[in-house]
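Q: Got a structure for you, questions after.
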Amino acid sequence: MENQTGPEPNELRVDSAYLEHLNLLEKSGALDDISALRKENRELDTLINDATTLISLAEVDKMIDFVISRFLERFIPTHFMLLIETPRGGGFSHYSYHNLRKDEHKFPTAYYPVLKSFFTASPYPIAYSELERRIGSDGLGPVFRDFDPEVLFPMRGLGVLYGIVLLGRKIAGGEYSEPEKVYVDRMTRFLSIGIQNSLHHESSITDLKTGLYNHYHFMQRLEQEITRIRRHGSRAGILMLDIDHFKIFNDTWGHLAGDEILVAIAATIKKTIRAEDMGARFGGEEFCVLAVECDEKTLFDMAERIRRAIESLVVPFGGESLGVTTSIGCYQIEGPGPILAETCLGRADRALYLSKAGGRNRSTLYRPGLLGRAAALRRSAEAGAGLRAGPRL
């Protein structure tokens, strides 16, 4: 038989000392503190990972979807609403969720200036009950209470208020715990940084007046599309639009009326082109469209849809109903082979020139030898009208 021996006396003393030490830690509450610290560290790790993911996203919609997914793991509010100011002022984007599912509830615009004024002076989260006490019962009104607000969080960055987050009452689990409020506040701050980056980027690549992409960004996208065409042998197209007699229009109605026309045309282009295409203000009264994956017929049909839509525009201004027409040049880009952005734009511009020379308010598709035909047509038109060649309007 094997000899069975118990633990050595030294081992007993070590175990006894360990248990005594553990007992003292438990009585002092230190174990609870250690457990709480471990939990807090796990929360911080989660928050850092969530923040890293959030600010890496480029689109506001994707940022909000990510925040929603994180909330779902913790709680479900009756309402979750984000009001985000547009990059250049004059309004805000509205995102509304009921039980964390997107809905169509509209936030009354009259409430936003009240909230903005409050959070500009006091940029900290606040319980709705306290907000109502400080603003006054008439400050927000009964319609605001229909959103079941529990806590409101300002979206701020670099001393600017970018928007406001409204968190409704929790569906289950009672009131929001302090860690839950802290998590929402911190995620709101990171969301503010992401939105701030997105808005600044949007401002840098869009035209101030029309909201379309600017000349610089259009050229970048065109170069990228040409690279793709060279590599894969696909095709795309360019439309170049010019407002007919815009100088005369401005001289007649004034530049403010001209600005209204530019904005209306930009909105028409946005509405008429496909989601995968891009519209840009190329300069002055000239616009461009980059149409991807399209043949000549698709490109020309798109030009005609835009032209007819602009022709039918009625822009109210100063008690008058104003309208303009546009001339359009179309050029299809095809590969493989050497393709230069300047060549593509030049050929679209030649087609536009022919549309102008041919009577305006029309679309022309570029063909080889087009410039010679354009010059002959223009000389004929000038001879008939007894006009001397001059700059294009």
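Q: For segment 217-238, give me each residue that is outside any helix (DSSP H, G or I) and surrounded by 20 or more Cβ atoms within 10 Å (Cβ to Cβ). Give the steps one after another, and end with the answer.
A: Step one: of segment 217-238, the residues outside any helix (DSSP H, G or I) are 233-238.
Scanning segment 217-238 gives 236, 237, 238.
Results for (1) modelled with pLDDT of 95 or more; (2) assigned by TED's automatic domain parsing to the domain that holds residue 334; (3) closer than 20 Å to residue 347 by Cβ; (4) more than 24 Å from the chain's Cα centre (by Cα), shown as yes or no for each residue.
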| position | (1), (2), (3), (4) |
| --- | --- |
| 231 | no, yes, no, yes |
| 234 | no, yes, yes, yes |
| 237 | yes, yes, yes, yes |
| 241 | yes, yes, yes, yes |
| 262 | yes, yes, no, no |
| 269 | yes, yes, no, no |
| 274 | no, yes, no, no |
| 282 | no, yes, yes, no |
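Q: For segment 276-325, list the strands (runs of 3 or more DSSP E) that sit wholly inside it and hold at least 2 residues that are crowded, with 17+ Cβ neighbours inside 10 Å; which are they? Show your work before the answer.
A: Numbers: elements: 278-283, 286-292, 315-317, 320-322.
In segment 276-325, the matching strands (runs of 3 or more DSSP E) lie at 278-283, 286-292.
Q: Continuing with the same structure: Can you tell me which residue in segment 326-338 is modelled with the highest pLDDT, limited to those that are buried (at least 17 other Cβ atoms within 10 Å of the Cβ) and farther than 23 Å from residue 310 by Cα? Quick ask: steps written out before the conclusion?
A: Residues of segment 326-338 buried (at least 17 other Cβ atoms within 10 Å of the Cβ): 326-333, 335.
Next, only the ones that are farther than 23 Å from residue 310 by Cα stay: 333, 335.
Numbers: 333: 92, 335: 71.
The extreme case among them is 333.
Q: Continuing with the same structure: If we scan segment 64-85, do we find a residue that is acidic (Asp, Glu) and assigned to a strand (DSSP E or B)?
A: Yes, because at least one residue in segment 64-85 is acidic (Asp, Glu) and assigned to a strand (DSSP E or B).
Q: Another question about this same structure. Among the residues of segment 102-115, write down those that are within 21 Å of the chain's Cα centre (by Cα), within 21 Å of residue 195 (Cα to Cα) and modelled with pLDDT of 80 or more.
A: Hits for segment 102-115 are 102, 112.
Q: Further question: Being within 20 Å of residue 365 (Cβ to Cβ) and either charged (D, E, K, R) or outside the structural domain of residue 281 (by TED's automatic domain parsing) (or both) is the filter here; which residues of segment 317-342 pass it? Explain how you work it out, then say what you get.
A: Within segment 317-342, the subset within 20 Å of residue 365 (Cβ to Cβ) is 325-335, 337, 339-342.
Selection gives 334, 342.
Q: Could you list, in sequence order, the residues of segment 108-117 that are surrounded by 17 or more Cβ atoms within 10 Å (Cβ to Cβ) and hydrophobic (A, V, I, L, M, F, W, C)? Give the steps one after another, and end with the answer.
A: Of the residues in segment 108-117, the ones surrounded by 17 or more Cβ atoms within 10 Å (Cβ to Cβ) are 111-112, 115-116.
Listed by number, the list holds a single entry, 115.
Q: For segment 343-352, indicate whether the set of residues that are assigned to a loop (DSSP other than H, G, I, E, B) and either surrounded by fewer than 18 Cβ atoms within 10 Å (Cβ to Cβ) or assigned by TED's automatic domain parsing to the domain that holds residue 222 (or both) is non-empty. Before the answer, list the steps.
A: First, pick out the residues of segment 343-352 that are assigned to a loop (DSSP other than H, G, I, E, B): none.
No, segment 343-352 contains no residue that is assigned to a loop (DSSP other than H, G, I, E, B) and either surrounded by fewer than 18 Cβ atoms within 10 Å (Cβ to Cβ) or assigned by TED's automatic domain parsing to the domain that holds residue 222 (or both).
Q: State whether one or more residues within segment 134-141 are farther than 24 Å from residue 69 by Cα and at pLDDT 85 or above. First the steps, then the outcome.
A: Residues of segment 134-141 farther than 24 Å from residue 69 by Cα: 134-141.
Imposing the further condition that a residue be at pLDDT 85 or above reduces the set to 134-135.
Scanning segment 134-141, I find at least one residue that is farther than 24 Å from residue 69 by Cα and at pLDDT 85 or above, so the answer is yes.
Q: Let me ask something else. Might you let me know whether segment 79-91 holds any residue that is buried (at least 18 other Cβ atoms within 10 Å of the Cβ), farther than 25 Å from residue 202 by Cβ and in contact (Cβ under 8 Å) with a residue 24 or more places away in the chain?
A: Yes; the residues of segment 79-91 include at least one that is buried (at least 18 other Cβ atoms within 10 Å of the Cβ), farther than 25 Å from residue 202 by Cβ and in contact (Cβ under 8 Å) with a residue 24 or more places away in the chain.
Q: List pairs: first residue in segment 52-73 and surrounded by 11 or more Cβ atoms within 10 Å (Cβ to Cβ), second residue among the charged types (D, E, K, R) anywhere in the structure, Cβ distance under 7 angstrom, at least six positions apart or on different chains.
A: 70/50
Q: Another question, if that's okay. Please go through (1) at pLDDT below 95; (2) in contact with a Ser or Thr (Cβ under 8 Å, 6 or more places away or on another chain) for residue 379 and return the number of the only condition it doesn't satisfy.
A: (2)
Q: Which of the following residues is in contact (Cβ under 8 Å) with a residue 12 or more places away in the chain and either farther than 26 Å from residue 63 by Cα or of a type in the set (Gly, Ala, Ser) (or both): 134, 186?
A: 134
The values are calculated or read from the model by the stated rules, or taken from the named source; none is laboratory data. Since the model is a prediction, treat every value here as computed from it, not as a measurement. All Cβ positions, even for glycine, are placed from backbone atoms using ideal geometry, and neighbour counts span all protein chains on display.
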